[in-house]
1. Quick one: Karplus J couplings for region 65-73, per residue in order, coefficients 6.51, -1.76, 1.60, θ = phi - 60°, nearest Hz, x for Gly and Pro?
2. Using amide H atoms built in the peptide plane, which far-off residues or other-chain residues are under 5 Å from D101 H to H?
3. How far, in nm, would the chain grow between D243 and V224 when pulled straight, counting 0.36 nm per residue and subtracting the alpha carbon separation?
4. Across region 150-247, how many lysine pairs, 8 or more apart or on two chains, come within less than 18 Å at their alpha-carbon atoms?
5. Using packing as a proxy for protection, rank 10-22, 217-229 so that the peptide with the highest average count of other Cβ atoms within 10 Å comes first.
6. Over region 62-131, calculate the relative contact order: mean separation of alpha carbon pairs under 8 Å at least 6 apart, over the residue count, as a percent.
7. Once you sort the root eigenvalues of the Cα gyration tensor of the chain as a ≥ b ≥ c, which label holds: rounded (a/c under 1.5), prolate (a/b larger than b/c) or oblate (the other case)?
8. Can you tell me, using C-alpha contacts under 8 Å and at least 6 residues apart, the relative contact order of region 1-124 as a whole percent?
Amino acid sequence: MSIEDNLLPGERIDELHRNGYKIIQNVKKFCFGMDAVLLSGFANVKQKETALDLGTGTGIIPILLEAKTKGSHFTGLEIQEESADMARRSVALNQLNDKIDIISGDIKEASRLFGAASFDVVTSNPPYMNDNHGITNPELPKAIARHEILCTLEDVIREAARVLRPGGRFYMVHRPFRLVEIINTLSVYKLEPKRMKLVHPFLDKEPNMVLIESIKGGGSMIKVEAPLIVYKEQNVYTDEIYDIYGY
């Protein structure tokens, strides 16, 4: 029986428009969003480098990074076993078992699971909201993905710093309203912000996402790149967004 014939109730297979890859998702649980796709376009994994995605969900970022970069191996860490299982089946569906590993585990334990200085690149699309922001989604899988229920921003940054090799790069997508906290926490853990891009839904709207690249042990200088605009008019993406998606 093929993987397509063995989907669980509520699951579907979606096209990723990269290398013919597909992903298994459950719309009642949690589906990847634009933030994950934008992070995969912002991050760079060079030839022979290894990458870890903290809180990988259904594996979207490792799969897209394998398609878009020249990295040698990708690992996703996910605490929710149901999501990790979907991620593993998507990896198998795309015949990427030799390039991508999905590990079940807690972000807070990443350095214990993998060891210090074990990756060249770390990525994360972490929960954006803490106890002071928004209403927790009553459906637990979505709530865990969006709110700091099982890990905090500091947990993500601390573990990224620990598992990165000296000079390694940490890529994260987050919300601009937490930018001061993000930069301060990165600095505490010797991850120096080097590149930042703000994402605006429309040209005349304030940004609702921020993409940040930090270097472990890097010098103090940051490049603020030209902003990324998502829509040029209602329901019509800009050319840059179409390019990132691969349409």
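1. Here the 3J(HN,Hα) series is 5, 5, 6, 9, 10, 9, x, 8, 7 Hz.
2. F74, T75, G76
3. The D243-V224 span can extend by a further 4.8 nm.
4. 8
5. Answer by packing, highest mean first, reads 10-22, 217-229.
6. About 32 percent, as a whole number.
7. Rounded shape, in that the Cα axes give a/c under 1.5.
8. 25
We did not get these values from a lab; they are worked out from the coordinates using the rules stated. Here the structure is a predicted model, which means the values were calculated and not measured. When we count neighbours, we look across all protein chains shown, and the Cβ atoms used for this are built from the backbone with ideal geometry, even at glycine.
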